[in-house]
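K.L.:
Sharing a structure below in structure tokens format, with a few things to ask.
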Amino acid sequence: MSDTLLEVRNLRIDGTVRPPGEKPKDINIVEGVSLTLAPGRVMGLIGESGAGKSTVGLSTLRYGRGGLRLSGEIWLNGRNIQTISPGQLRDLRGREVTYVSQSAAASFNPSIRLMDQVIEATILHKIMSKSEAQKRAVELFGALSLPEPESIGSRYPHQVSGGQLQRVMTAMALCPKPDLIVFDEPTTALDVTTQIDVLAAIKTAIKHTGVAALYITHDLAVVAQVSDEILVLRHGNMVEHGTVQQIIEAPKEGYTRALVSAHSIPHEEQAATDSPVLRLEDITASYEGRIQVLTDVTAEIHPGQTLAVVGESGSGKSTLARVVTGLLPPDKGRVLFDDQPLPPALADRSLEQLRELQMIYQMADVAMNPRQTVATIIGRPLEMYFGIRGAEKRRRVIELLDQIEMGESFIDRYPAELSGGQKQRVCIARSLAAKPRMIICDEVTSALDPLVANGILKLLLNLQTEEGVAYMFITHDLATVEAISDSIAVMYQGRLVRYGPKTEVLTPPFDDYTDLLLSSVPELRLGWLEGVVQNRKMESAGF
Amino acid sequence: MILMAAQRIALGCLLLVAASILIFAGTQILPGDVAQSILGRSATPESLASLREELGLNKPAVQRYLDWLLAFLSGDLGTALSNGKDIGESVAGRLGNTLFLAGWAAALSVPLAIFLGLLSVRYQDRTPDRMISGLSLASISLPEFFIGYLLIYFLAVKLQWFPSVATLNADMPLGEKLRTIALPVMVLTMVVLAHMMRMTRAAILNVMQSAYIETAELKGLTPFNVIRKHAFPNAIAPIVNVVMINLAYLVVGVVVVEVIFVYPGMGQYMVDHVSKRDVPVVQACGTIFAAVYIGLNLVADLVSIISNPRLRHPK
């Protein structure tokens, strides 16, 4: 037939917000987006949160979350789906277009076996008989490298892991042989070592079935591996469209250029000094004395330097922070601050000890009282530790706001009136107000868009130079680690598997786990995924 | 899972024993005693003392409780003081009648409530939803005696479809029995319908927020099938809970309806004997009611354990 599968013309999406106590008001989410997709092609939709990526993706199923209104034309297989009847629309959903969501764990019905959910659309649309559909599902499970493809379908969603569930959802989307699949951040919620398997499985499946896809993500390095072309969105508008190669090698727009170079902060490693500010000695810790999460962890942090603690979820990173702060007294081992042992429990520590060790969290919005202004939030440690009040306190808050590059105009705002990045900056200012010797940063950039995260990292480095504060930087993102750290501790199942100065840790030969971790970080270059997968196959084949 | 279920059942038994102790204690702290109420005005100190001796009222309370409990467990409910009849026999017939009425009311109201609940989710905030909510709220707001007399006036007196007095005989054919209890069944249905319907609606709407509902919609399922296949099975636990509470009400709380329709059920039997201060009867009825109530709630707990796939199929 024609060589166009999908054509979106001048898409506009509006929504209605109902702020409590105010009149409902209309807001525009997406404006003037047009795109064409040929059969079998993969288009990456990329942009930061709020760019309208998911909304555009779901519009190909004529679906608007929370009553969003779509206008413009969406041509699929030669007809404008904006004008078809509800019955025809149901026939399109699950037959011509299918959807893979970010959180497979939430997107499967907990009380139905996986197989019945995977083949549901296929049977509903009478594409195959039940036994044929089951046979196809088992084939797909195998093609997506799921363990026990014959029997995994008889399990319930809670009985398989997150990465497996994401692949089962991909099988569910492929099962009815659709023309188009919308992948909505399918690997974002996964650990980096799991992400690469799912990514490879998705890519292979797309190639073998010849299905077209819209691949939505905020991670340019990921989208570069699976797409043929890329559409960059920002604030609901199109910024740039081109082939993958053109976008990553010769971006035209300034915003795209910024995205491409997001992870390049130069940071020279500093040599360790004689006396560490913090020293952990043989820390072993468990929850309720039963589940041991940390085993014999020994590490130190030097004044004005950064120790990056990396590992996957469940590796014990955050537990280590809880031990240092005294929230979880260890079963064994000591925490030394300036060569003086800290009392294991928070309640036994002095005000001065508390002041010198501050913390910044992943979720800035829940780490602040929503009913307090920025002045109160940042002023609180000034009052508590130094007894500074009144005009002097306000002057200090303004100084701190200048330091975090925000300025006086924000002083009377509430957290709800700040963006995600600004909230995190206020949290940084609050911890700085205590004039600490060391700050624990627990995944502080994980919830932020790449460009905003970059700004926060730069700020943290500048503050380190100015104030000489040490950081214990907990993260699962290895690109961040390279940008900020002086020494690195790699954690796996509660143990340190590799620890030392940055250059040493990141220089081969690696131990197996660090190798796996480092080689799994997506790189912004064509063919990276194939290369890694090929290497691993060769290694497991014994070359 | 089996451990959890066993725990619930053990807890239910414990609760039942506690309830029987409370009932026993309650009858003990009433002013006056059985001997006094039997003898009435003809009581002399001597006759009171000899009657108390005869009835075993002089034994310590704990002893009397244990005696009564053991007898109760072996099926001996004791003898009514007011007429000397065996309580077990009287209760058997009455309880049968009550369960017959409650059973038919449940058979009508539970499916209807769940269907209406599904319907109002399907047409949420639209005319059918508003009508269902409005009508069921009206029926729950009117006192049951009022609805009862209203139905008697229209359906029994004016239209003469059903008898106004629901006197049941054991030898009636089933059709005749159903015609006889039609009016009380209707009243009871209207009383319990709204609560069950609204809880069904709320429980399903809660589930409708889940991401897997979106998945189902994007597979092209019709709205009603999305609710039936994907939302309802995950809302079973709260729905069963409210259904069981209402079933318990149908058994133990229908005194007013029984009085209006002169229906020979447990409620009337108990109220009669409360006014006669017939302690053994009140005690027996109270314990049976407590057993029904605890039993039905136990069933609700067990269903919610069984309906949870995480408990049914552990990792």
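K.L.:
When only residues in segment A:337-347 that are surrounded by 13 or more Cβ atoms within 10 Å (Cβ to Cβ) and within 33 Å of the chain's Cα centre (by Cα) count, which is nearest to A:TYR471 (Cα to Cα)?
P.N.:
Among them, the one singled out is A:PHE337.
K.L.:
If you take the residues in segment A:124-134 that are outside any helix (DSSP H, G or I) and away from every other protein chain (no Cβ under 14 Å), which one is surrounded by the most Cβ atoms within 10 Å (Cβ to Cβ)?
P.N.:
Selected residue: A:MET128.
K.L.:
Given B:GLY103, B:GLY93, B:GLY148, B:GLY75, which one is surrounded by 16 or more Cβ atoms within 10 Å (Cβ to Cβ) and of a type in the set (Gly, Ala, Ser)?
P.N.:
Just one listed residue meets the conditions, B:GLY148.
K.L.:
Oh, and also: Please work out which one of (1) outside any helix (DSSP H, G or I); (2) among the polar types (S, T, N, Q); (3) exposed (fewer than 14 other Cβ atoms within 10 Å of the Cβ) is the condition B:SER82 fails and give its number.
P.N.:
Single failed check for B:SER82: (3).
K.L.:
Only one residue in A:ALA121, A:ALA137 is more than 10 Å from chain B (Cβ to nearest Cβ), surrounded by 19 or more Cβ atoms within 10 Å (Cβ to Cβ) and of a type outside the set (D, E, K, R). Which one?
P.N.:
A:ALA137
K.L.:
Keeping to segment A:62-95, report how many residues are away from chain B (no Cβ under 14 Å), among the small types (Gly, Ala, Ser) and assigned to a loop (DSSP other than H, G, I, E, B).
P.N.:
1
K.L.:
While we're looking at this one, here's another question. Answer yes or no as to whether A:LEU354 is in a helix (DSSP H, G or I) and crowded, with 19+ Cβ neighbours inside 10 Å.
P.N.:
Considered against the rule, which asks whether it is in a helix (DSSP H, G or I) and crowded, with 19+ Cβ neighbours inside 10 Å, A:LEU354 comes out as no.
K.L.:
Taking segment A:375-414, which residues are in a helix (DSSP H, G or I), farther than 13 Å from A:ALA434 by Cβ and basic (Lys, Arg)?
P.N.:
Hits for segment A:375-414 are A:LYS393, A:ARG394, A:ARG395.
K.L.:
Any chance segment B:194-216 includes a residue that's of a type in the set (Ser, Thr, Tyr), in a helix (DSSP H, G or I) and within 14 Å of chain A (Cβ to nearest Cβ)?
P.N.:
yes
K.L.:
Then there is this: From the list B:VAL292, B:VAL256, B:VAL303, B:VAL242, which residue is within 14 Å of another protein chain (Cβ to nearest Cβ) and at negative phi?
P.N.:
Testing whether each residue is within 14 Å of another protein chain (Cβ to nearest Cβ) and at negative phi leaves just B:VAL303.
K.L.:
Also, quick follow-up: Which residues, counting only those in segment B:131-149, are more than 15 Å from B:VAL254 (Cβ to Cβ) and of a type outside the set (A, V, I, L, M)?
P.N.:
Those that are more than 15 Å from B:VAL254 (Cβ to Cβ) and of a type outside the set (A, V, I, L, M): B:SER133, B:GLY134, B:SER136, B:SER139, B:SER141, B:PHE146, B:TYR149.
K.L.:
Those residues that are more than 10 Å from chain B (Cβ to nearest Cβ) and of a type in the set (A, V, I, L, M), I need them from segment A:143-161; list them, please.
P.N.:
A:ALA143, A:LEU144, A:LEU146, A:ILE152
K.L.:
Quick check on A:HIS218: is it more than 17 Å from the chain's Cα centre (by Cα) and surrounded by fewer than 23 Cβ atoms within 10 Å (Cβ to Cβ)?
P.N.:
Against the criterion (more than 17 Å from the chain's Cα centre (by Cα) and surrounded by fewer than 23 Cβ atoms within 10 Å (Cβ to Cβ)), A:HIS218 does not qualify.
K.L.:
Please specify each residue of segment A:183-203 satisfying the condition of being in a helix (DSSP H, G or I) and among the small types (Gly, Ala, Ser).
P.N.:
Those that are in a helix (DSSP H, G or I) and among the small types (Gly, Ala, Ser): A:ALA200, A:ALA201.
K.L.:
Now for a separate question. Under 8 Å between Cβ atoms, which residue pairs at least 6 apart in sequence (or on different chains) link something in segment A:148-171 that is under 18 Å from A:GLN134 (Cα atoms) and at pLDDT 90 or above with a partner that is in a helix (DSSP H, G or I) and hydroxyl-bearing (Ser, Thr, Tyr)?
P.N.:
The qualifying pairs are A:MET169/A:SER107.
K.L.:
If you don't mind, another one. In the set B:PRO233, B:PRO264, which member is in contact (Cβ under 8 Å) with a residue 60 or more places away in the chain and within 12 Å of chain A (Cβ to nearest Cβ)?
P.N.:
It is B:PRO233.
K.L.:
For segment A:26-56, enumerate the residues that are within 19 Å of the chain's Cα centre (by Cα) and closer than 17 Å to A:VAL211 by Cα.
P.N.:
A:GLY44, A:LEU45 - these are the residues of segment A:26-56 that are within 19 Å of the chain's Cα centre (by Cα) and closer than 17 Å to A:VAL211 by Cα.
K.L.:
Here's a follow-up. Taking A:ILE206, is it within 26 Å of A:SER129 (Cα to Cα) and either in contact with a Phe, Trp or Tyr (Cβ under 6 Å, 6 or more places away or on another chain) or modelled with pLDDT under 90 (or both)?
P.N.:
yes
K.L.:
Which condition number in (1) over 14 Å from B:LYS229 (Cβ atoms); (2) more than 7 Å from chain B (Cβ to nearest Cβ); (3) of a type in the set (A, V, I, L, M) is the one that A:ALA106 fails?
P.N.:
Of everything listed in (1) over 14 Å from B:LYS229 (Cβ atoms); (2) more than 7 Å from chain B (Cβ to nearest Cβ); (3) of a type in the set (A, V, I, L, M), A:ALA106 misses just condition (2).
K.L.:
Please tell me if B:PHE154 is farther than 20 Å from B:GLY103 by Cβ, surrounded by fewer than 18 Cβ atoms within 10 Å (Cβ to Cβ) and modelled with pLDDT of 85 or more.
P.N.:
yes
K.L.:
If we scan segment A:184-195, do we find a residue that is modelled with pLDDT of 90 or more, within 20 Å of A:VAL56 (Cα to Cα) and either touching a Lys or Arg at 6+ places or on another chain (Cβ under 9 Å) or away from chain B (no Cβ under 13 Å) (or both)?
P.N.:
Yes, because at least one residue in segment A:184-195 is modelled with pLDDT of 90 or more, within 20 Å of A:VAL56 (Cα to Cα) and either touching a Lys or Arg at 6+ places or on another chain (Cβ under 9 Å) or away from chain B (no Cβ under 13 Å) (or both).
K.L.:
Within segment B:219-227, is even one residue at pLDDT below 90, touching a helix residue (DSSP H, G or I) at 6+ places or on another chain (Cβ under 7 Å), in a helix (DSSP H, G or I) and buried (at least 16 other Cβ atoms within 10 Å of the Cβ)?
P.N.:
The answer is yes, given that some residue of segment B:219-227 is at pLDDT below 90, touching a helix residue (DSSP H, G or I) at 6+ places or on another chain (Cβ under 7 Å), in a helix (DSSP H, G or I) and buried (at least 16 other Cβ atoms within 10 Å of the Cβ).
The values are calculated or read from the model by the stated rules, or taken from the named source; none is laboratory data. Note that the structure is predicted; figures quoted are calculated from it, not measured. So basically every Cβ, Gly included, is an ideal-geometry build from the backbone, and we count neighbours across all protein chains shown.
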